[in-house]
Amino acid sequence: MIGPATTAVVTGGSSGIGAATAQLLAYRGCQVLVVGRDAVALAGVARRTGGRACTTDLAEPGAAARVLAEAGEVDLLVCNAGVGWAGQLTDMPGEALEQLVRTNLLAPMRLVREALPGMLARGRGHIVLVSSIAGSMSVAQEAVYSATKAGLDAFGASVRGEVAGRGVGVTIVVPGVVDTPFFARRGVPYARHRPRPVPAGKVATALVAAVERGKAEVFVPRWLRLPARLRGSAPVLTDALQRRFT
Ligand SMILES: NC(=O)c1ccc[n+]([C@@H]2O[C@H](COP(=O)([O-])OP(=O)(O)OC[C@H]3O[C@@H](n4cnc5c(N)ncnc54)[C@H](OP(=O)(O)O)[C@@H]3O)[C@@H](O)[C@H]2O)c1
């Protein structure tokens with residue numbers, strides 16, 4: 001489905017994984033609308049990809065509707081925009097908590113709800129939700145971030161069930177650690193030895209391949225599927241191992 005006739009919306013297209021995805025989609029001929037708050041960065045990506053930019057704060061309630069109105073018909077919706085916060089939950093300001101939930105969870109839910117009717121009416125479309133290994137592993141010091149991503153996983157799986165057999169696919173992309181400004185922005189650098197950061201382009205490549213193959217889920221790097229599955233079946237053991245080895 002990815003080619004010159006494909007119209008795509010990529011949220012968080014001004015940086016990191018989103019910018020790399022927009023670049024790859026444009027290379028494949030898609031018409032791309034990138035969404036974010038940083039107008040200068042967005043304009044740069046739009047120029048490089050021959051696409052359009054939509055400057056908006058997705059944490060705001062009316063943003064999803066505005067994005068979809070500006071986009072027109074959407075074949076591929078990539079909900080990638082996200083923010084992190086690391087530290088003890090008791091030290092987390094209420095504003096930061098709300099920002100994470102609004103950006104990482106509410107915004108994708110609103111975007112998908114807005115985009116789905118058109119996709120279902122046309123009998124074609126694809127939704128990508130960029131989650132995180134933190135959602136599968138429930139990482140300490142990232143309680144709210146992990147919860148938003150676990151919520152996104154559940155949301156995506158539920159929507160996939162609702163649209164099954166109606167021409168619309170849902171792919172959940174689960175990156176481990178990616179070399180982007182994400183950690184600098186959250187104000188706490190990545191300090192673990194494993195998993196090692198991968199380039200944003202690797203996530204973009206896996207994302208596009210997963211859409212083309214209609215895959216429900218893709219981990220980047222792929223081996224991360226194992227600890228995620230282990231935690232699903234033995235959470236107490238996996239959490240103890242996480243505490244021991246991180
Ligand atoms: N980096 C990692 O290790 C890692 C690992 C797993 C999952 N992820 C996930 O991957 C996704 C992309 O992150 P990244 O690593 O590429 O980080 P990044 O370089 O910091 O990019 C984050 C993007 O989200 C956008 N964004 C944030 N808040 C927004 C808001 N309120 N409204 C509109 N756009 C907003 C930013 O755009 P503006 O600055 O223009 O607003 C930016 O384009 C996120 O969902 C993140 O949780 C990242």
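The values are calculated or read from the model by the stated rules, or taken from the named source; none is laboratory data. Predicted model, so just to flag it, every value in this text is computed and none were measured. For neighbour counting, all protein chains shown are included, and Cβ atoms are generated from backbone atoms with ideal geometry for every residue, glycine included. The protein model used for the area step is the full one, side chains on, heavy atoms only, and it has no ligands, DNA or RNA in it. Shrake-Rupley method; radii C 1.70, N 1.55, O 1.52, S 1.80 Å.
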Handout entry: Added length on full extension, which subtracts the Cα-Cα distance from 0.36 nm per residue, ARG122 to ARG222
Key = 32.7 nm
Completion exercise
Taking Rh as the Kirkwood radius computed over alpha-carbon pairs of the range 52-123 and applying Stokes-Einstein at 25 °C with viscosity 0.890 mPa s, one gets a diffusion coefficient in µm² s⁻¹ of 182
Practice task
Find how much the distance from ARG47 to MET109 grows on full extension, using 0.36 nm per residue of separation minus their present alpha carbon separation; answer in nm with one decimal.
Solution key: 19.5 nm
Handout entry: Surface accessible to a 1.4 Å probe, per residue, for the residues of the chain, Å²
Key = 47
Handout entry: Cα pair distances exceeding 21 angstrom across the chain, given as percent
Key = 55
Handout entry: Only Lys, Arg (+1) and Asp, Glu (-1) charged, at Cβ; the chain dipole about Cα centre in debye
Key = 780
Fill in the blank from the handout: Counting Lys and Arg as +1 and Asp and Glu as -1 over every other residue whose Cβ sits under 14 Å from the Cβ of LEU97, the net charge comes to -2
Exercise for the section: With the full set of protein chains in place, find how many percent of the accessible area of the range 7-245 is carbon and sulfur; take the probe as 1.4 Å. Expected result: 56
Completion exercise
Note, the range 138-146: 3J(HN,Hα) by Karplus (6.51, -1.76, 1.60, θ = phi - 60°), whole Hz, Gly/Pro = x, goes 6, 6, 5, 6, 9, 4, 6, 4, 4
Problem - Gyration tensor (alpha-carbon) shape descriptor, the range 196-242, a/c threshold 1.5 - result: oblate
Problem - Charge tally in the Cβ shell below 15 Å around LEU207, where Lys, Arg are +1 and Asp, Glu are -1, LEU207 excluded - result: +2
Completion exercise
With x for Gly and Pro, the residue-by-residue ³J(HN,Hα) of the range 195-209, computed from phi through the Karplus equation 6.51 cos²θ - 1.76 cosθ + 1.60 at θ = phi - 60° and given in whole Hz, is x, 6, x, 10, x, 4, x, 5, 5, 4, 4, 5, 4, 5, 5
Problem - Amide H within-cut-off set for VAL220, under 5 Å, with H built and near neighbours excluded - result: VAL174, GLY176
Handout entry: For q = 0.23 Å⁻¹, Debye-computed log10 I/I(0) when each Cα of the range 1-111 counts as one equal scatterer
Key = -1.20
Exercise for the section: Using R₀ = 41 Å, calculate the FRET efficiency as 1/(1 + (r/R₀)^6) where r is the Cβ-Cβ separation of THR90 and VAL236; round to 0.05. Expected result: 0.95
Exercise for the section: Based solely on C-alpha atoms, express the radius of gyration and the Dmax of the range 1-53 in angstrom. Expected result: 9.6, 30
